[in-house]
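Trainee: Here it is, the structure in full.
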Amino acid sequence: MHGIQPVQTLTLPDTNKTQAELEEWLRVNDSRYTMTTYNLLTNNCNNFADDLLKNGLGLANGVPPHILDIPRQFIQSPMGAMIAPMITNMYQVRTSKRAKRVCKIS
């Protein structure tokens, strides 16, 4: 992680899903998490992880709400209010290249 230490580490419960069920969920949801759908503020790796935990693995809890709320908090800050339009514009001007996964599972 390039010397960056996590602020919080969570232990996740076991899932009852099989690897085949997880792979099917990933296949079905493949188009939701691509290079062209990625958005730092609205559809990022935290959103993917939350969806994966809740829907792909069937866990009761996903990514903690305070993590998912970071983009909203950023946008509401004075600096975020200035930068958010630039970030949004950056995603709007992207060309529609062949979609590639941005968030990967090891």
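Trainee: Under 7 Å between Cβ atoms, at least 6 apart or on separate chains: pull out the pairs that start in the range 78-100 with a residue that is surrounded by 10 or more Cβ atoms within 10 Å (Cβ to Cβ) and end on any residue that is hydroxyl-bearing (Ser, Thr, Tyr) and at pLDDT 90 or above.
Mentor: Matching pairs, first to second residue: ALA99/SER31.
Trainee: All but one of (1) free of Cβ contacts under 8 Å to residues at least 60 places away in the same chain; (2) exposed (fewer than 13 other Cβ atoms within 10 Å of the Cβ) hold for TRP25; which doesn't?
Mentor: (2)
Trainee: Further question on the same structure: If I filter the range 78-106 down to residues being of a type in the set (Gly, Ala, Ser) and part of a loop (DSSP other than H, G, I, E, B), which single residue comes out as modelled with the lowest pLDDT?
Mentor: So in the range 78-106, the residues of a type in the set (Gly, Ala, Ser) come out as 80-81, 84, 96, 99, 106.
Subset that is part of a loop (DSSP other than H, G, I, E, B): 96, 99, 106.
Numbers: SER96: 41, ALA99: 44, SER106: 50.
So the residue we want is SER96.
Trainee: Within the bounds of the range 44-54, is there any residue that is farther than 27 Å from GLN92 by Cα and of a type outside the set (Asp, Glu)? It would help to see each step written out before you state the result.
Mentor: To start, the set of residues in the range 44-54 that are farther than 27 Å from GLN92 by Cα comprises 53-54.
Add one more test, that the residue is of a type outside the set (Asp, Glu), and what stays is 53-54.
Yes: the range 44-54 contains one or more residues that are farther than 27 Å from GLN92 by Cα and of a type outside the set (Asp, Glu).
The values are calculated or read from the model by the stated rules, or taken from the named source; none is laboratory data. These figures come from a predicted structure and were not determined experimentally. Backbone-built Cβ (ideal geometry, glycine too); neighbour counts: all protein chains shown.
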